[in-house]
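Visitor: Can you keep this structure in mind? I'll have questions shortly.
The values are calculated or read from the model by the stated rules, or taken from the named source; none is laboratory data. In this text, all values refer to a predicted model and were calculated from it rather than measured experimentally. Note that each Cβ is placed from the backbone with ideal geometry, even for glycine, and that neighbours are counted across all protein chains shown. Ligands, DNA and RNA are stripped out before the accessible areas are found, and what is left, the full protein with its side chains, is counted by its heavy atoms. Shrake-Rupley method; radii C 1.70, N 1.55, O 1.52, S 1.80 Å.
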Amino acid sequence: MTHKDEVYIEAAADNFGALCLSLHKEHCSPVMGMFARELKDDYRIYCAFISVKLKKWFFATLDIPKDNPQFPSIAKEIYSANLFEREIREMFGINPIGNPDNRRLRLHEEVWPKGSFPLRKDFVPPKEKPEGREYPFAKVEGEGVFEVPVGPVHAGIIGPGHFRFSVAGEPIVNLELRLGFSHRGVEKLLENKIPSAAVRLTECVAGDSAVAHSWAFCHAVEKIGGIKVPERAAIIRAILLELERMYNHVADIGGMAIDVGFSHPAALASIIKESIHSLNQRLTGSRFLKGINVIGGVARDIGNLDGLDSIMADFKDLKGILLSSVSFLDRVEPTGILRRETAENLGVTGLAGRASGIAIDLRQGFMETYNKLDYKLSTYSSGDCLARLKIRIDEFEGSAKLIRRLLENLPQGEILASDINFKEGYSLGYVEGWRGPVLYWVNLDGEGKIDRCKIIDPSFRSWQGLSYAVLGEIIPDFPLCNKSFDLSYPGGDL
Amino acid sequence: MSTLDKLLLCRLRKGIVTVPVEIQKVEQMGAELKKAINARFRRSFNIREVDTGSCGICEAEIIAANNPVYDVARFGVNFVASPRHADALLVTGPVGKNMLLALQKTYDAMPEPKLVITLGDCALDGGIFKESYYVEGGVSKILPVTLHIPGCPPTPLEIIEALLGLLKQ
Ligand code: SF4
């Protein structure tokens, strides 16, 4: 079974690193994902790269015997592999030799014992005592340097994460993120489920990206089974994906205004967001567009999109207020710069990547439904909060245009495929969610059940981008910088 | 009132934002809620929210309850930054192992009456994540829960309704 957009290349332990490096260089791609999977006698490592030019995904694979679970780390050459390697060590107990950072990302040392690896097939919940080791934060020492710990319970109504700032006077000299507080073991929960029974769970990986996640999962399963999604259903999915983008983008635009104390436009933004939720509710019965994507299509048809015009009129006002306020612009520009080179090294893609000049958007060239629409992505080079704001503004307006064009193209007909089947095989599903590319690599076993499902939310890589963007800024600007990325705790923590 | 305030208000009145019936419902329940809070909590009912590993949209709906359409603050419901100022703890999420200690500490830091309210199916019993190796499953196993607001996620209106139900008792 092969898919025309996925290329798998087998390597051996002594040339795995070289293969990855050549894919990385040739396609100018960060490590888009790296994960393990358990076979009968081996573990197989996959390292995924994207080729924007060829519109293909390349996977380097390496089999390693179970009795000697280790492989040579590639993070020294390709830094964007670092977090993935740590994740593999933590979840599978496979050691990336040469990767020096053995701190855990999700299974916190305070509550989880050593040597218990949830994604192994023979895993049973551990009875041993937690390791109890204290988490070693990187220390910055020197006269006048002090630490500010924040979280996991924050002052606002927001997800849990720990931020450890080291400041010298006002400016931040180092920010350490400790995440994993939203870890729920989603990948394990998906195992052994029939795909149709798993869609609802994928919606809850990151609730604000319910459409993107469930679509990416369905896409993978549909590719495996050769299931043909009717065109009407595909277009409905795209309309909903754009609505999801719109309500999140406008929420963040308002959030950025509130974080610099500019409350009028923030209130207007939250009204626009509420209007989109009402529209969602009317269209799908869910304010967050849940329960719509199913394997093979969509669960219900949508009605008309009345209300979009008044939403756009409101948005025009919002944009006018923000971009004509000198004191607002003064706060967002040039605050929180993420340099292009840093973004590339960290593997930051999606919205934050485009604000730093990385022109990748799966809607351009990758996602079939968008091919006819001739979508033009928007990029900026400054990489600051203003650039991330402008991307959101452009994309909000772009989404509305896309929705109109999608509606024009909406054919009559079925909304569910007739040939739904779950057969053995693997594939990558992908969708450009509002934060960036959401990837689901799925392997179904002989009974059509999920054997392995690797979820990659763009937040996982992009969190590090935030910790670089705030360097040199002052702590009072942190909320603004954070909002300008607006990454998902649950999406990254799984 | 500034021009912008008026602008917002007129948008609300026109019912662009949400169906007019709902706005009426908000106003009516809000007035009752305000009465109850005036009587029992001297005009302000302070809530501290704790996310123990939710998918993120239970929070989004709590935030929405604070937007100008619902604006629960005008009825006396305030979301506060510190548990020390809170009458109630509003807990979302299935209680992942990593959040257990933080949840307990937040609760310990509260003054009386230390009400605990759970919001969303996850917080009731772990919800869709119930079977996970990393989920404690249900706040009520850890803290004494006074009220549960069901939903995945509950809407702002349902949140207001549930709070009213609790405070009217
Ligand atoms: S109850 Fe539903 S919406 Fe709320 S956190 Fe859980 S999965 Fe998300």
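Visitor: Express in Å², to the nearest 10, the accessible area of B:Cys152 obtained by rolling a 1.4 Å probe over the protein heavy atoms while all chains stay in place.
Guide: 50
Visitor: Which value, in debye to the nearest 20, describes the size of the charge dipole of region A:1-136 about its Cα centre when Lys and Arg Cβ atoms bear +1, Asp and Glu Cβ atoms bear -1, and nothing else is charged?
Guide: Details: 21 positive and 21 negative charges, 64 e Å.
Result for region A:1-136 is approximately 300 debye, rounded to the nearest 20.
Visitor: So, one more: Considering the options B:Leu157, B:Met99, B:Ser44, tell which one lies farthest towards the positive end of the dipole of region B:22-168, charges being +1 on Lys and Arg and -1 on Asp and Glu at the Cβ, about the Cα centre.
Guide: Result: B:Ser44.
Visitor: Under 19 Å Cα to Cα from B:Lys35, which aspartates and glutamates show up? Leave out anything in the same chain fewer than 8 places away.
Guide: Cross-link targets: B:Glu27, B:Asp71, B:Asp87, B:Glu158, B:Glu161.
Visitor: Okay, next question. So which trypsin sites (Lys or Arg not before Pro) in region A:1-98 are both in a DSSP loop and have at most 11 other Cβ atoms within 10 Å of their Cβ? Could you put the intermediate results ahead of the total?
Guide: Values: sites: A:Lys4, A:Lys25, A:Arg37, A:Lys40, A:Arg44, A:Lys53, A:Lys55, A:Lys56, A:Lys66, A:Lys76, A:Arg86, A:Arg89; in loops: A:Lys4, A:Lys40, A:Lys53, A:Lys55, A:Lys66, A:Lys76.
When the trypsin sites (Lys or Arg not before Pro) of region A:1-98 are filtered for loop state and at most 11 Cβ neighbours within 10 Å, A:Lys4, A:Lys40, A:Lys53 remain.
Visitor: Where only protein heavy atoms count, and the probe is 1.4 Å, what is the accessible area per residue for chain A in Å²?
Guide: Values: 17960 Å² over 494 residues.
Per-residue accessible area for chain A comes out at 36 Å².
Visitor: Run the numbers for A:Val145 and A:Leu407: contour at 0.36 nm per residue of separation, minus the present Cα-Cα distance, in nm. Walk me through the intermediate numbers first.
Guide: Numbers: separation 262, 0.36 × 262 = 94.32 nm, distance 5.68 nm.
My answer for the length gained is 88.6 nm.
Visitor: If you don't mind, there's one more thing I want to ask. Evaluate E = 1/(1 + (r/R0)^6) for A:Asn102 and B:Ala81, where r is the Cβ-Cβ distance and R0 equals 41 Å; express this FRET efficiency to the nearest 0.05.
Guide: The calculated FRET efficiency here is 0.70.
Visitor: For B:Asn38 and B:Lys168 in the same chain, what is the full-extension length gain: residue separation times 0.36 nm, less their Cα-Cα distance, in nm? Present the calculation step by step, with values, prior to reporting the outcome.
Guide: Details: separation 130, 0.36 × 130 = 46.80 nm, distance 1.10 nm.
Stretched out fully, the B:Asn38 to B:Lys168 stretch lengthens by 45.7 nm.
Visitor: Give me the accessible area of A:Trp463, 1.4 Å probe, in Å² rounded to the nearest 10.
Guide: Solvent-accessible area, nearest 10 Å²: 10 Å².
Visitor: Also, quick follow-up: On a 1.4 Å probe surface of the protein chains, which of B:Lys168, B:Lys34 comes out largest in accessible area, and what is the full order? Walk me through the numbers on the way to the answer.
Guide: Numbers: B:Lys168 120, B:Lys34 90 Å².
So, going from the largest accessible area down, we get B:Lys168, B:Lys34.
Visitor: In addition: Going down the table (A:Lys129/A:Lys188; A:Lys40/A:Lys223; A:Lys4/A:Lys372; A:Lys55/A:Lys483; A:Lys76/A:Lys223; A:Lys127/A:Lys188), which pairs top 26 Å between alpha carbons?
Guide: Working: A:Lys129/A:Lys188 22 Å; A:Lys40/A:Lys223 24 Å; A:Lys4/A:Lys372 19 Å; A:Lys55/A:Lys483 31 Å; A:Lys76/A:Lys223 34 Å; A:Lys127/A:Lys188 18 Å.
Cα-Cα > 26 Å for A:Lys55/A:Lys483; A:Lys76/A:Lys223; rest within.
Visitor: Right, next: Nearest 5 percent is fine: what portion of the DSSP beta bridges confined to region A:1-136 is antiparallel? Can you show the working numbers first?
Guide: On the way: 16 of 25 bridges.
Beta bridges within region A:1-136, antiparallel portion: roughly 65 percent.
Visitor: Taking the Cα centre of region B:109-151 as origin and charging only Cβ (+1 Lys, Arg; -1 Asp, Glu), how large is the dipole, in debye to the nearest 20? Please list the in-between numbers first.
Guide: Details: 3 positive and 5 negative charges, 16 e Å.
Around 80 debye, computed over region B:109-151.
Visitor: Where both residues lie in the protein assembly as shown, what percent of DSSP beta bridges are antiparallel, nearest 5?
Guide: 65
Visitor: Hey, another quick one. Go through A:Tyr468, A:Phe366, A:Ile337 and say which Cα lies farthest out towards the positive end of the charge dipole of chain A; charges sit on Cβ, +1 for Lys and Arg, -1 for Asp and Glu.
Guide: About the Cα centre, the residue reaching furthest to the positive side is A:Phe366.
Visitor: Taking the Cα-to-Cβ direction at A:Asp445 and at B:Arg74 and moving 7 Å from each Cα, how far apart do the two end points lie in nm?
Guide: 5.7
Visitor: Let me ask you something else. Between A:Glu10 and B:Gln24, what's the calculated FRET efficiency when r is the beta-carbon distance and R0 is 60 Å? Round to 0.05. Please list the in-between numbers first.
Guide: On the way: r = 65 Å, r/R0 = 1.09.
FRET efficiency, A:Glu10 to B:Gln24: 0.40.
Visitor: Work from the charge dipole of chain A (Cβ charges, +1 for Lys and Arg, -1 for Asp and Glu, about the Cα centre) and give the residue of A:Leu119, A:Gly429, A:Ala168 farthest towards its positive end.
Guide: So the residue furthest toward the plus end is A:Gly429.
Visitor: Now, a different point. Using a ≥ b ≥ c from the Cα gyration tensor of region A:186-251 (square roots of the eigenvalues), is it rounded, prolate or oblate, where a/c under 1.5 gives rounded and otherwise the larger of a/b and b/c decides, a/b for prolate?
Guide: Working: a/c = 3.22, a/b = 1.21, b/c = 2.66.
The shape class here is oblate.
Visitor: How would B:Asp125, A:Asp374, A:Asp314 line up by accessible area, probe 1.4 Å, largest first? Spell out each step's value before the answer.
Guide: Numbers: B:Asp125 55, A:Asp374 105, A:Asp314 5 Å².
Of B:Asp125, A:Asp374, A:Asp314, the descending order of accessible area is A:Asp374, B:Asp125, A:Asp314.
Visitor: Right, something else. With the contact rule set at Cα under 8 Å and sequence spacing of 6 or more, what percent relative contact order holds for region B:33-124? Write down the numbers at each step before the final one.
Guide: Details: 147 pairs, mean separation 31.6, N = 92.
Relative contact order of region B:33-124: 34 percent.
Visitor: Using Cα pairs under 8 angstrom and six or more residues apart, how large is the relative contact order of chain B, in percent? The partial results should precede the final answer.
Guide: Working: 284 pairs, mean separation 39.8, N = 169.
Contact order relative to length: 24 percent.
Visitor: To continue, here is another question. Just to make sure I understand: if all protein chains stay in place, what is the order of A:Met91, A:Met312 by accessible area at 1.4 Å, largest first? It would help to have the intermediate numbers written out before the result.
Guide: Numbers: A:Met91 10, A:Met312 40 Å².
Final ranking, largest accessible area leading: A:Met312, A:Met91.
Visitor: All other residues with a Cβ under 12 Å from the Cβ of A:Ile172 taken together, and with Lys, Arg as +1 and Asp, Glu as -1, what is their net charge? Before the final figure, lay out the partial values.
Guide: Working: positive: A:Arg164; negative: A:Glu147, A:Glu170, A:Glu176, A:Glu473, A:Asp477.
Here the count lands on -4.
Visitor: Another question, then. Would you please give the residues with an amide H less than 5 Å from that of B:Phe79, counting only those at least 5 places away or on a separate chain, with H modeled from the backbone geometry?
Guide: The answer is B:Ile47.
Visitor: Using the Karplus equation 6.51 cos²θ - 1.76 cosθ + 1.60 (θ = phi - 60°), what ³J(HN,Hα) coupling, rounded to whole Hz, does each residue of region B:84-98 give in order, writing x for Gly and Pro?
Guide: Using θ = phi - 60°, the values come out as 5, 9, 9, 7, 9, 9, 10, 10, 10, x, x, 6, x, 3, 5 Hz.
Visitor: Using a/c under 1.5 as the rounded threshold, could you call region A:175-315 rounded, prolate or oblate? The axes a ≥ b ≥ c are square roots of the C-alpha gyration tensor eigenvalues, and prolate needs a/b larger than b/c, oblate otherwise. Please list the in-between numbers first.
Guide: On the way: a/c = 2.86, a/b = 1.31, b/c = 2.18.
Note, shape of region A:175-315 comes out oblate.
Visitor: Still on this structure: Using only DSSP helix segments of four residues or longer, with each worth -39500 (n - 2.57), what per-residue ellipticity at 222 nm results for chain A after dividing by its residue count and rounding to 500? Mind showing how you got there, number by number?
Guide: On the way: 16 runs with 192 residues, N = 494.
Taken over chain A, the calculation gives -12000 deg cm²/dmol.
Visitor: May I ask you to derive the FRET efficiency for A:Lys56 and A:Glu110 from their Cβ-Cβ distance with R0 = 35 Å, giving the value to the nearest 0.05? Working shown, then result.
Guide: On the way: r = 43 Å, r/R0 = 1.22.
Efficiency, from the Cβ-Cβ distance: 0.25.
Visitor: What does the charge count around A:Ile88 come to, taking other residues whose C-beta lies under 13 Å from its C-beta (Lys +1, Arg +1, Asp -1, Glu -1)?
Guide: On the way: positive: A:Arg37, A:Arg44, A:Arg86, A:Arg89, A:Arg104, A:Arg106, A:Arg120, A:Arg452, A:Lys454; negative: A:Glu38, A:Glu85, A:Glu87, A:Glu90, A:Asp101, A:Glu187.
Neighbour charge sum, excluding A:Ile88 itself: +3.
Visitor: Here is a further query. Report, in degrees rounded to the nearest 10, the 0 to 90 angle that the Cα long axis of helix B:156-168 makes with the longest principal axis of chain B.
Guide: Approximately 80 degrees, to the nearest ten.
Visitor: Express the relative contact order of region A:186-485 as a whole percentage, based on alpha carbon pairs under 8 Å and six or more residues apart in sequence. Show your work: numbers first, answer last.
Guide: Working: 568 pairs, mean separation 86.3, N = 300.
That works out to 29 percent.
Visitor: Shape of the protein assembly as shown from its Cα gyration tensor (a ≥ b ≥ c, root eigenvalues): rounded if a/c is under 1.5, otherwise prolate when a/b > b/c, or oblate?
Guide: Numbers: a/c = 1.41, a/b = 1.24, b/c = 1.14.
Rounded, because the longest to shortest axis ratio a/c is under 1.5.
Visitor: Which value, in debye to the nearest 20, describes the size of the charge dipole of the protein assembly as shown about its Cα centre when Lys and Arg Cβ atoms bear +1, Asp and Glu Cβ atoms bear -1, and nothing else is charged? It would help to have the intermediate numbers written out before the result.
Guide: On the way: 79 positive and 84 negative charges, 188 e Å.
With Lys and Arg at +1 and Asp and Glu at -1, about 900 debye.
Visitor: What spacing in nm lies between the two simple spin-label points modelled at A:Glu128 and A:Lys40, each 7 Å away from Cα in the Cβ direction?
Guide: 3.0
Visitor: Okay, moving on. Give the aspartates and glutamates reachable from B:Lys130 as a straight Cα distance under 14 Å; neighbours fewer than 8 places away on the same chain don't count.
Guide: A:Glu187, B:Asp121
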